[in-house]
Every structure is written in C-alpha cells, then in structure tokens.
Amino acid sequence: MTVPTKRLRVVILGAGFGGLEAARALARAPVDVTLVDRHNHHLFQPLLYQVATAALSPGDIAWPVRAVFRRQRNVTVVMAEVTEVDPAARLVHTGEGLAIAYDLLVLATGATHSYFGHDEWAPVAPGLKTIEDATDIRRRLLLAFERAEVTVDEAERQRLLTFAVVGAGPTGVELAGAMVELARHAMTRDFRRIDPRMARIVLIEAGPRVLPSFPEKLSAFALRSLEQMGVQVLTDTRVTRCTSAGVECGEERIAASTIVWAAGVVASPAGAWIGAERDRAGRIRLGPDLSVPGHPEVFAVGDLAAVTDAHGRPVPGTAPAAKQMGRYVGRVIAARASGRAAPALFTYRHYGDLATIGRRSAVVALDGIRLTGLIGWWFWGIAHIWYLIGFRSRVVVSFEWLWSYLTSQRGARLITGHEPTGGSALRAPGQD
Ligand SMILES: Cc1cc2nc3c(=O)[nH]c(=O)nc-3n(C[C@H](O)[C@H](O)[C@H](O)COP(=O)(O)OP(=O)(O)OC[C@H]3O[C@@H](n4cnc5c(N)ncnc54)[C@H](O)[C@@H]3O)c2cc1C
C-alpha cells in the first residue's frame, strides 16, 4: 500500500450521527475534511419528541456543528444544501452555488418520513425529523388546547381535543405517551372552560402490534401501559386519508385537529446523486467495506445505507448503527490516507432496543435482558443522558426530567410561529 503524495480531500455530506462520527474518526488522519450540512446544528433525534411535547427546548438537544469541531483543526464546516454530486468530476454541488471538490466522499444525509405515495398528507400530518418539525408539532398541539378553550361549538371542541399519531414504532409510542401526559398531568389546572384531561389521543398502527421490532412480550407491556395511561390504540388499522378534518381509516373517520405522522421512512436522495443501486426505501446497497460498488472513493453510512449484519439481517436505522458505520468508514479512510492496510470488513453490533412510554415507564431489550416499567425508564434515561453531547446538555436535560418527574410540569410550553386567526364560533372564557 502506498502513501498518497498529497493530503486527501475528504468531503462528508451530513452532520448527523454517521457523518459526525466519521469526521471524529479522522481526527488524527493526514486528510482535510469538509463537513457539509444544511443545518448549522447536529441534532439528537431520539429526544425530538420531547421538544414536540414541550418537555425540552430545542437548544437542549442540538449543538452547533462548528462548536463540536472547534478543536479538530482538519475539519472545515460548510453550511449548505447539497443538490447534486458529479461523480465523474468528483464535485459536490450545493443550492448556494458552491462546487466542492473531493478525493473521497462520505454520504451521510440520512432519511426522512415517507407518506407511502401520499405526499399531499404532509401539510396536515407533519412528521418529526427536524427542530422545525418539532416546534411546528408543539405549536399545533398547544394551539389546539387554546382554540378548544374559546370555541362554543361542542363538536369542534371535541375535534380540537383529539390528537392522532400514525405509526406505533418507538417514535409513535413515545409521542402518544408524552401527549397523554401533557394533557392529563401538565395542564390540568391551567384552563377555565375545558378540562385538558378530556383530550383523546389515538395511536394508529397498520400492523398487529405496537413496537413491532421489539420482542412480543415487551410490545404487549407497552400496549397495556399506553392503554392504562389513556391512549386509545388501534392496531391492524390502515390510514387511508389524512385531511384537516381528521384521519380516515377505511370507513372509520376520526375527527382530529392534530395528526402526527410517524409511520415510515425513505432515504435521502443521495443514492440517486451518484446513480447507485438502491433498495425500495431508497437506501444504497453497499459493499462490505461500506463503499459504493463501482465507486471505491464513495462511502455511505447511517440511515442511507442498506447493509446486513453477520446473520444476514438488515442493520436497523438507528443512531448506534449510524455511529458504528461512521466510525468504521473513518478508519478505512484514515488507513488509506496513511498507506496502512484496510481494517477488517464492517460488522454491526446490536446492543439492544429501548423505548419510553411516558414519564415513568420504558421497555428495554438488551442481550438476554428485558427491563420494563420504572427500572426500564431509569435505564433509558441514563443511556440517553450519556449520549448527549456536552456537560451543559446533560445537566439541563437531567434537571428538566427530574423536575417533570417530581411536578409533572413541562418547561417549554411555548407557542411560536404563525397560525391564521380564528373561526366565528369563539367566545372568551368568563363571557358564557
Ligand atoms: C423522531 C426520531 C426519533 C428517533 N429515536 C431514536 C432512538 O430512540 N434511538 C435510536 O437509536 N435511533 C432513533 N432514531 C433514528 C436515528 O436518529 C437515526 O437512525 C440516525 O439519526 C441516523 O443517522 P444519520 O447520520 O444516517 O442521519 P441523520 O442523523 O438524520 O443526519 C443526516 C444529516 O444530513 C443532513 N442533510 C440531509 N440532506 C442534506 C442535504 N441535501 N444537504 C445538506 N445536508 C443534508 C441533515 O441536516 C442531517 O444533519 C430516531 C429518529 C427520529 C426521526
């Protein structure tokens, strides 16, 4: 293996879990890294639902990418939206008109929600992927209570106080649990006309059980917990339409003011940029060293990558998987840049699955260990605090959780952003 004569230019697209870890793994490598992201922050997506339900503030779970790499001198951060890659010329093009040259390219642009061919549902049923999504959902949620307080139309009040979550994977379950707690515990004495405890939270799942990727016993536990908390769970129920009036599931209509989409994901278009072979979810089929077949200078990591583990099972779209892939690709590139032999082929290590169901309960499936309820919740909480970036976030999030645990209060009940004012059937409280 020969050492390259000049420092290699490594361009990493996406500063999510995979991209960040790849850049970090290159800290000591003789390469110049350009890290490109359309946002100026790295986001801890597993806690986004807590921003959407007013438990945490955006700044608690997002960090400026520049600050993360302040001390890593070989990383240059560029905030730009990638629109195209020219693999023949080895150039990345951005919407801002930049053309960034690379010797080695790491695609780490993740995934987004999929409406299974019904993108027209997006405006009424937003998904949860970015800070903007979370604050938009928070606004819809809190505004529904405000509107319900002033409407004099009983049917409309019921519609306003009905919230539907589509998809009962971990995100849907966590959202539904947090919504019911917001309504039943955090706001009970804050309104004069309505009782927020009357809010109806409906969790709709097309498959036969909630948390389908978890062992069946844990799914059953999660279902029982959700129902005890007051969530109405509909399994084997396929959503056929979402409108501003609510959700339709075949003949059944659920009048709902707020719908959140947590049902499916599709990979970012990075595979199309380089003309790579993709699976049905748009993920790039990769070689065993995570390079793109036919393009040994291009790698893909994280939610964008279609990879199987040692048993032939697909590697899940999770943060630990993205981090493992990012770290591995960083090591492959560092070896190439230093003229060392490449590391052994990528192997994925699955540590377990975790999901919380409200403020005091979670399900945890680790190698041979199953935890449920409060013990599971403590494990879940400590694991998440551990993976947050920086001392400040760990302290702030721990404090917010402890406060909410003791008082049921939510620290971030802010309505921000615009919403058109009004219908006619409104009256201020005290003027009945
Ligand atoms: C609501 C939610 C909850 C989740 N909960 C969990 C959980 O509890 N546990 C768990 O393990 N996993 C969880 N996940 C999944 C986990 O977050 C993902 O698997 C992980 O983020 C994938 O990492 P990634 O680097 O592939 O992509 P991401 O972390 O999504 O990063 C992609 C980056 O690329 C950037 N980008 C995208 N397109 C462009 C473009 N065109 N130009 C420039 N930049 C671009 C984005 O801004 C983003 O920063 C959750 C995901 C969501 C959405």
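The values are calculated or read from the model by the stated rules, or taken from the named source; none is laboratory data. Just so it is clear, the structure is predicted and the values come from calculations on it, not from any experiment. With ideal geometry, Cβ positions are generated from the backbone for all residues, glycine too; neighbour counts draw on all protein chains shown. Quick note on the areas: whole protein, heavy atoms, side chains included, nothing else; ligands and nucleic acids left out. Shrake-Rupley method; radii C 1.70, N 1.55, O 1.52, S 1.80 Å.
A full extension of the chain between residue 295 and residue 280 corresponds to an added length of 3.3 nm, given 0.36 nm per residue minus the alpha carbon distance. Across 311, 185, 113, the residue with the most accessible area heads the list, and the full order at a 1.4 Å probe is 311, 185, 113. If you take the square roots of the eigenvalues of the alpha-carbon gyration tensor of the range 260-314 and sort them as a ≥ b ≥ c, do you get rounded (a/c under 1.5), prolate (a/b over b/c) or oblate? Here the range 260-314 falls in the oblate category. The fraction of accessible area contributed by carbon and sulfur in the range 1-86 is 48 percent, rounded to a whole number (1.4 Å probe; ligands and nucleic acids excluded).
Bridgeable lysines around residue 323 (alpha carbons under 23 Å apart, same-chain partners fewer than 8 residues away excluded): 129.
Taking a ≥ b ≥ c as the square roots of the Cα gyration tensor eigenvalues, the chain comes out prolate, since a/c reaches at least 1.5 and a/b is larger than b/c. In the context of the full set of protein chains, residues of the range 331-380 present 51 Å² of accessible surface per residue (probe radius 1.4 Å, heavy atoms only).
All Cα-Cα distances of the range 1-153, cut into 10 Å bins from zero to the largest, leave 10, 30, 30, 17, 8, 3, 1, 0 percent in each bin in turn.
Here is the list for the range 55-109: GluC sites (Glu not before Pro) lying in DSSP coil, each with at most 14 other C-beta atoms within 10 angstrom of its C-beta, are 81, 96. Could you look at the range 283-345 and say what percent of its accessible area is carbon and sulfur, using a 1.4 Å probe and all protein chains? Ligands and nucleic acids excluded, carbon and sulfur give 57 percent. Of the trypsin sites (Lys or Arg not before Pro) found in the range 298-352, those in coil by DSSP whose Cβ has at most 15 other Cβ atoms within 10 Å are 340, 349. Residue ranking by accessible heavy-atom surface, 1.4 Å probe, largest first, among 380, 403, 63 comes out as 403, 63, 380.
Between 273, 229, 249, the Cα set farthest toward the positive side of the dipole of the range 200-281 (charges on each charged residue's Cβ, about the Cα centre) is that of 229. Loop-resident trypsin sites (Lys or Arg not before Pro) (DSSP state other than H, G, I, E or B) in the range 26-134 with no more than 11 further Cβ atoms inside 10 Å of their Cβ: 28, 70, 71, 73.
Probing with 1.4 Å while keeping every protein chain in the model, the per residue accessible area of the range 47-175 equals 39 Å². Neighbours of residue 189, meaning other residues whose beta-carbon lies under 14 angstrom from its beta-carbon, give a summed charge of +3 when Lys and Arg score +1 and Asp and Glu score -1.
When the Cα centres of the range 1-54 and the range 349-398 are compared, how far apart do they sit, in Å? Spelled out, the Cα-based centre of one part sits 25 Å from the other. Full extension of the chain between residue 136 and residue 120 gives 4.0 nm of extra length, using 0.36 nm per residue less the Cα-Cα distance.
Placing R0 at 22 angstrom, the Cβ-Cβ distance between residue 71 and residue 327 gives a FRET efficiency of 0.75 after rounding to 0.05.
With the gyration tensor restricted to C-alpha atoms of the range 120-267, the semi-axes of the equivalent ellipsoid amount to 24, 18, 15 Å, longest first.
If you take the square roots of the eigenvalues of the alpha-carbon gyration tensor of the range 187-271 and sort them as a ≥ b ≥ c, do you get rounded (a/c under 1.5), prolate (a/b over b/c) or oblate? Cα axes put the range 187-271 in the oblate bin. Placing +1 on each Lys and Arg Cβ and -1 on each Asp and Glu Cβ, with no other charges, gives the range 253-301 a dipole about its Cα centre of roughly 340 debye.
If R0 is 56 Å, the Cβ-Cβ spacing of residue 27 and residue 428 corresponds to a FRET efficiency of close to 0.40. Calculated over the range 241-282, the projected area of the Cα convex hull averaged across directions stands at 4.3 nm². Charge dipole of the chain (Cα centre as origin; +1 on each Lys and Arg Cβ, -1 on each Asp and Glu Cβ, all else neutral): 1460 debye, rounded to the nearest 20. Using r as the Cβ-Cβ distance of residue 347 and residue 152, and R0 as 56 Å, what FRET efficiency do you calculate, to the nearest 0.05? FRET efficiency, residue 347 to residue 152: 0.35.
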